[in-house]
Protein chains: 2
Amino acid sequence: MTVEARQERAAAWFRTLRDRFCAAFEALEDAHEGGFGAPGRFERTIWKRPTEDGGDGGGGEMSIMKGRVFEKVGVNFSAVHGAFSPEFRDRIPGAADDPRFWASGISVVAHLCSPLVPAMHMNTRFIVTTKAWFGGGGDLTPIYPDADAAARLHGALEAACDAYDPACYARFREACDRYFFLPHRDEPRGAGGIFYDNLGSGDWEADFAFTQGVGRAVLEAYPEIVRERMAAPWTEEQRAHQLVRRGRYVEFNLLYDRGTEFGLRTGGNVEAILMSLPPMVAWP
Amino acid sequence: MTVEARQERAAAWFRTLRDRFCAAFEALEDAHEGGFGAPGRFERTIWKRPTEDGGDGGGGEMSIMKGRVFEKVGVNFSAVHGAFSPEFRDRIPGAADDPRFWASGISVVAHLCSPLVPAMHMNTRFIVTTKAWFGGGGDLTPIYPDADAAARLHGALEAACDAYDPACYARFREACDRYFFLPHRDEPRGAGGIFYDNLGSGDWEADFAFTQGVGRAVLEAYPEIVRERMAAPWTEEQRAHQLVRRGRYVEFNLLYDRGTEFGLRTGGNVEAILMSLPPMVAWP
């Protein structure tokens with residue numbers, strides 16, 4: 001199979017997964033009958049990426065919903081191509097000699113109205129330079145410790161890992177714990193999940209199936225976590241705590257997240273990159 | 001005069017200036033008779049900085065007020081000493097051969113209840129390695145463009161500069177515009193002010209007098225700016241806009257501010273460093 005065919009299949013999957021996440025989240029908005037206001041619906045914004053010389057560099061589709069379950073949830077799909085600027089060529093596998101790249105991915109970030117429902121982040125991507133690899137992961141950020149939710153997301157991700165390589169879950173889980181960590185506060189961002197990058201085993205079909213499996217695992221586990229918790233009443237005090245915890249989320253994303261830094265420094269779409277930031281945050 | 005005597009005089013001035021800022025801001029709380037709730041008062045927290053080997057590394061005094069004029073205002077004084085870790089020695093003037101340092105400073109960050117009153121930041125410091133220099137500046141961040149407020153702060157800072165070196169205002173003003181800029185949004189953080197660093201002209205008395213002048217200029221100009229605007233009524237829409245603009249402030253401080261990065265990476269006091277972040281912020 002040509003690399004172009006692989007790109008087409010990967011991008012088509014990310015779009016399909018995007019549609020499924022949006023449908024699952026809108027269904028939760030409908031199901032939350034005690035909710036305040038009408039059920040939320042995604043609004044989609046298309047953006048184009050001009051290449052460095054003003055040509056067609058692809059673009060993306062940003063889907064954002066502000067609802068009665070999801071205070072703000074974004075589901076971004078993108079498929080872009082171009083050439084890395086000199087400062088990035090040495091940092092990207094396979095880009096030192098030929099700076100051209102192609103990249104497609106999906107990114108999901110959910111911030112909930114209820115402080116009793118964990119926030120969630122999932123991102124998977126396929127990147128092609130003179131090399132080609134998958135990367136991504138999924139992780140949970142409960143406002144209050146939630147062992148049940150963490151165990152269920154971890155269980156789903158572990159199953160997806162085991163179907164690919166029984167040794168990889170422990171490694172990807174540890175990579176997630178290491179990555180989503182705030183050194184200045186000596187605390188993790190959340191309850192972990194998995195994180196992987198530069199995945200190019202030589203068996204593209206297996207790597208692609210794994211990446212699909214990660215998306216499916218989060219899609220199966222997370223909406224159920226939300227559904228079971230979204231109707232529970234919460235207090236003003238819990239809401240205030242949620243806004244403070246969200247501050248940690250912002251600190252991580254702006255101080256440490258490599259994807260955010262990379263996106264902002266390579267002229268990515270600012271609104272799509274910063275879609276991850278919570279709708280309301282406090283540093284009291 | 002010995003360097004110890006200079007350190008003592010600089011630190012004593014930063015403390016004095018801290019007291020004057022706190023008094024001026026509390027006076028505004030008292031003067032805001034139409035205000036909601038009791039006038040705010042500063043609360044002070046003392047923190048100690050252990051050195052790298054667990055010894056006495058000095059510390060600081062963090063004064064924070066949450067009032068009816070100032071939604072959150074912090075006035076930090078610190079005087080610390082120790083030794084730079086190897087990764088920082090090459091980045092700090094005079095630290096390559098001898099990593100020991102002494103540093104004292106004052107930092108003021110004001111976020112107002114009213115979206116019609118500009119936020120303000122001022123910081124001055126004296127740093128000693130094998131070299132010794134002053135740094136700092138002051139700048140204004142209006143939520144809505146406010147030419148009068150900007151002109152008044154700039155005028156006061158220009159007068160302080162002119163008393164030191166008539167050529168320096170233009171240079172320090174431009175440095176401020178360059179520094180407080182968000183490249184990813186292609187927009188300035190605010191209305192500017194002045195910014196200077198590595199100021200060691202050889203005439204310590206003159207450099208010190210200038211740094212005192214910068215503090216006095218902000219202390220004279222800013223409370224008047226607040227006083228004239230604090231009673232004006234504002235709308236919910238203006239408040240919502242304020243929370244969005246504060247997001248830009250957070251983006252700058254966490255993505256680009258060198259002082260924040262430096263403080264967090266050198267084990268500074270996290271609460272004191274992140275005191276600059278606004279009390280309530282939105283990324284809607």
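Applying the Karplus relation 6.51 cos²θ - 1.76 cosθ + 1.60 with θ = phi - 60° to the range A:41-50 yields 3J(HN,Hα) values of 9, 5, 10, 10, 10, 9, 10, 10, 10, x Hz, where x marks Gly and Pro. Using the 7 Å Cα-to-Cβ label point, sort the distances from B:Glu8 to its equivalents in the other copies shortest first and give them in nm to one decimal. Label-point distances to the other copies, shortest first: 8.1 nm. On the range A:20-67, 52 percent of the accessible area sits on carbon and sulfur atoms, based on a 1.4 Å probe. Residues in the range B:15-26 carry Karplus couplings, in order, of 5, 4, 5, 4, 4, 5, 4, 4, 5, 5, 6, 5 Hz; the curve used is 6.51 cos²θ - 1.76 cosθ + 1.60 with θ = phi - 60°, and Gly or Pro positions show x.
Taking every alpha-carbon pair under 8 Å whose residues sit at least 6 apart, the range B:3-276 reaches a relative contact order of 16 percent. Secondary-structure-derived ellipticity at 222 nm for the protein assembly as shown, considering helices only, amounts to -13500 deg cm²/dmol, per-run term -39500 (n - 2.57) for DSSP H runs with n ≥ 4.
Grab the other residues whose beta carbon is less than 14 angstrom from that of A:Ala149, score K and R as +1, D and E as -1, and report the net. So the surrounding residues net to -3.
Taking a ≥ b ≥ c as the square roots of the eigenvalues of the Cα gyration tensor, the protein assembly as shown is classed as prolate, since a/c reaches at least 1.5 and a/b is larger than b/c.
Using Cβ point charges alone (K and R +1, D and E -1), the dipole size of the range B:5-90 about the Cα centre works out to roughly 160 debye.
Nearest-to-axis residue in chain B, judged by Cβ distance to the rotation axis that brings B onto A and given in whole Å, is B:Leu254, 2. Largest GNM mean-square fluctuation among A:Gly155, A:Gly190, A:Gly37, using chain A with Cα springs under 10 Å: A:Gly37. Label-to-label distance, A:Arg15 versus B:Ala159, with points set 7 angstrom from Cα along the beta-carbon direction: 6.5 nm.
Only the Cβ atoms of Lys and Arg (+1) and of Asp and Glu (-1) were treated as charged; on that basis the dipole of the range B:64-111 about its Cα centre amounts to roughly 360 debye. Shown in residue order for the range B:100-107 are the 3J(HN,Hα) couplings computed by the Karplus curve 6.51 cos²θ - 1.76 cosθ + 1.60 at θ = phi - 60°: 5, 9, 9, 8, 9, x, 10, 9 Hz (x for Gly and Pro). Rolling a 1.4 Å probe over the protein heavy atoms gives chain A an accessible area of 43 Å² per residue. Considering only A:Ser78, A:Ser104, A:Ser201, the mean-square fluctuation computed in a Gaussian network model of chain A, springs between alpha carbons under 10 angstrom, is largest for A:Ser201. Rounding to the nearest 10 and keeping the result within 0 to 90°, find how far the Cα-based axis of helix B:168-179 lies from the longest principal axis of chain B. It works out to around 80 degrees.
For the pair B:Glu43 and B:Arg227 in one chain, pulling the backbone fully straight at 0.36 nm per residue adds 64.1 nm over the alpha carbon distance. With label points defined 7 Å past Cα in the direction of Cβ, position B:Ser201 shows copy-to-copy spacings of 6.8 nm, given to one decimal and shortest first. The overall shape of the range A:184-284 is oblate: from the C-alpha gyration tensor, with semi-axes ordered a ≥ b ≥ c, the ratio a/c is 1.5 or greater and a/b is no larger than b/c. The order of the peptides A:46-58, B:89-101, B:177-189 by mean Cβ neighbours within 10 Å, most packed first, is B:177-189, B:89-101, A:46-58. Once A binds B, the 1.4 Å probe can no longer reach about 2000 Å² of accessible area, counting both sides.
Could you state the orientation-averaged shadow area of the convex hull built on the Cα atoms of the range B:1-111, in nm² to one decimal? Mean projected area for the range B:1-111: 8.6 nm², to one decimal.
Each Lys and Arg Cβ is given +1 and each Asp and Glu Cβ -1; about its Cα centre, the protein assembly as shown then shows a dipole of about 400 debye. Inter-chain neighbour count for A:247-255: the average number of beta-carbon atoms from partner chains within 10 Å of each residue's beta-carbon is 4.
Per residue of peptide A:275-281, the mean number of Cβ atoms on other chains within 10 Å of the residue Cβ is 5. Between helix A:204-229 and chain A there is an angle of about 10 degrees, using the helix long axis and the longest principal axis of the Cα atoms.
The values are calculated or read from the model by the stated rules, or taken from the named source; none is laboratory data. Only a predicted model underlies this, so the values are computations on that prediction, with no experimental measurement involved. Backbone-built Cβ (ideal geometry, glycine too); neighbour counts: all protein chains shown. For accessibility, only protein heavy atoms count, side chains too; no ligands or nucleic acids. Shrake-Rupley method; radii C 1.70, N 1.55, O 1.52, S 1.80 Å.
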